[in-house]
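One structure below.
What follows is calculated from the coordinates using simple rules that are stated; it is not laboratory data. If you're wondering where the values come from, they're calculated on a predicted model, not measured in any experiment. Glycine gets a Cβ as well: all are built from the backbone with ideal geometry, and neighbour counts include every protein chain shown.
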Amino acid sequence: MLDRPAPAPAPGNQRIPPFQSFLEEHRTLVYRFLAATVGPDEADDVFQETFLAALRAYPKLKHAGNLKGWILAIASRKAIDAARARSRRPRPVPELPEIADVPGGSPDPLMQGPVWAAVRALPPRQRVALVHRVVLDQPYAELAAAMGISADAARADVYQALRKLREGWNDDEEER
Amino acid sequence: MKKSADAGKRQEPRPGGRTRASGLSIMSGGRLIGPRLQSMQREPFEERSRLASTRLAEAAGQAGLLDVAYGYADSPFGPLLVAVTPRGLARVAYPERDEEETLERLAVEISPRILESGSATGQIRRELEEYFEGRRKVFSIGVDLSAVRGFGREVLRQTARIPFGSVATYRDMATRAGSPRATRAAGNALGANPIPIVVPCHRVVRTGGGLGGYTGGVERKVALLELEGVELPGRA
């Protein structure tokens, strides 16, 4: 799957916008997606890798039909690559840093809390599919396109991800 | 989602577990997991992504992927948009120019790999500010006129050679560009100058002593010539 090219943007006559405009339009979405999938500590590096890969390919784009789908496809591959690389090497840093240590302004405990630790313990593909579906609210057709898999496979990934999260999560304890 | 979510592998319900009862739907049954994940949509990533985007311009420059870098220089006329390529300065745009349109034209004429970069534009921004403070007479940065074709490019190349504090006529410029009778075409090329101030079209005046026109008004031309100490006929 990683070897597949990004899905070609849908046909359209729009001109390719200046990269800065494209970046401005999608940076928050991509950052949110990466913070959820690879975690706030690694999001910045994967953000750089994602947009550098986009910049490299940018002049070869034929039209600006589906730039959002295109950048999310690149971000999906980079997130999966980063997650796999991370699982291969031991990490000295603790899984859950103190909220007070969060750089870049307001603390965001939702990304740091146990739910997010559980999300980032999921297998990379399931994790990416889940974030597409739940965090970005992407339809299955679009998340499947971004990940280069079938819609059925995407549904199965999201299903498995949610099932694993539920198994690892004690509802009763949380409701107190 | 309902049953279609089970498209993959069917799972046995866990004895005593609540997974089955609440279903796996994120929208309805997922009372805890779903809302927790969805709440992240409200988290502010604006600031973090903005900082990361600033870093991106640096990384892109180092990787040789930045074809056009732009920034803003202070001037008495307001902030000037400046754009540089690896070949040199490609654009100086006065504040009234629509920024989006300027960048879109650069995307078409040069490359869509355009990012704002304070460091890549640092030299020209400093030199322009020194010029306006009267501390600089010559710009050290080269100009990239690759987006200008034919006779117009030659006129601008010749204009770039008019020294600080002196003037030439439109007819002079036509002659120096190789077509002495193309005065009007020379005027058009100067009117469309993509790099005003640094390619000093303000130093080109009419043969009879009139100032001729200037982008954004002749007062700017007067201000630039006065800054350079040029004596203007009919002005105190």
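Counting only other chains, what is the mean number of Cβ atoms within 10 angstrom of the Cβ of each residue in peptide A:150-158? Let's see the in-between values first.
Working: counts 1, 2, 3, 2, 2, 6, 5, 1, 5.
Counting Cβ atoms of other protein chains within 10 Å of each residue's Cβ and averaging gives 3.
Counting partner chain Cβ atoms within 10 Å of every residue's Cβ in B:113-119, what's the average? Write out the running numbers ahead of the final one.
Details: counts 8, 9, 6, 5, 1, 0, 0.
For peptide B:113-119, the averaged partner shielding equals 4.
What order, most packed first, do the peptides A:126-135, B:96-105 have when packing is the mean number of other Cβ atoms within 10 Å of each residue? Please list the in-between numbers first.
Values: A:126-135: 25.3, B:96-105: 14.7.
Per-residue Cβ counts within 10 Å, averaged per peptide and sorted highest first, yield A:126-135, B:96-105.
I need the per residue convex hull volume for segment B:148-228, using only the alpha carbons, in cubic angstrom as a whole number. Walk me through the intermediate numbers first.
On the way: hull volume 6.2 nm³, N = 81.
About 77 Å³ per residue, rounded to a whole number.
If you keep only loop residues by DSSP, which GluC sites (Glu not before Pro) in segment B:188-236 have at most 16 other Cβ atoms within 10 Å of their Cβ?
Working: sites: B:E219, B:E226, B:E228, B:E231; in loops: B:E228, B:E231.
Passing sites in segment B:188-236 are B:E231.
Compute the Kirkwood hydrodynamic radius of segment B:46-100, taking the inverse of the mean of 1/r over all pairs of distinct Cα atoms, and give it in Å to one decimal.
Kirkwood hydrodynamic radius for segment B:46-100: 12.7 Å.
Return the whole-Å distance between the Cα centroid of segment B:134-184 and the Cα centroid of segment A:34-84.
Cα centroid of segment B:134-184 versus Cα centroid of segment A:34-84: 44 Å apart.
Rounded to whole Å and sorted largest first, list the principal axis extents of the Cα atoms in segment B:48-147.
So the three principal-axis extents are 37, 29, 25 Å.
Given axes a ≥ b ≥ c from the Cα gyration tensor, I'd like to know whether segment B:189-232 is rounded (a/c under 1.5), prolate (a/b larger than b/c) or oblate. Each step should come with its number before you reach the end.
Details: a/c = 1.67, a/b = 1.24, b/c = 1.35.
Judged from the Cα gyration tensor, segment B:189-232 comes out oblate (a/c at least 1.5, b/c at or above a/b).
Could the peptides B:119-126, B:199-206 be put in order, highest first, of the mean number of other beta-carbon atoms found within 10 Å of their residues? Working shown, then result.
Working: B:119-126: 17.0, B:199-206: 22.9.
Output ranking for B:119-126, B:199-206: B:199-206, B:119-126.
Could you work out the mean count of beta carbons from other protein chains within 10 Å of each residue's beta carbon in A:115-125? Please list the in-between numbers first.
On the way: counts 6, 3, 0, 2, 4, 0, 0, 0, 0, 0, 0.
That works out to 1 on average.
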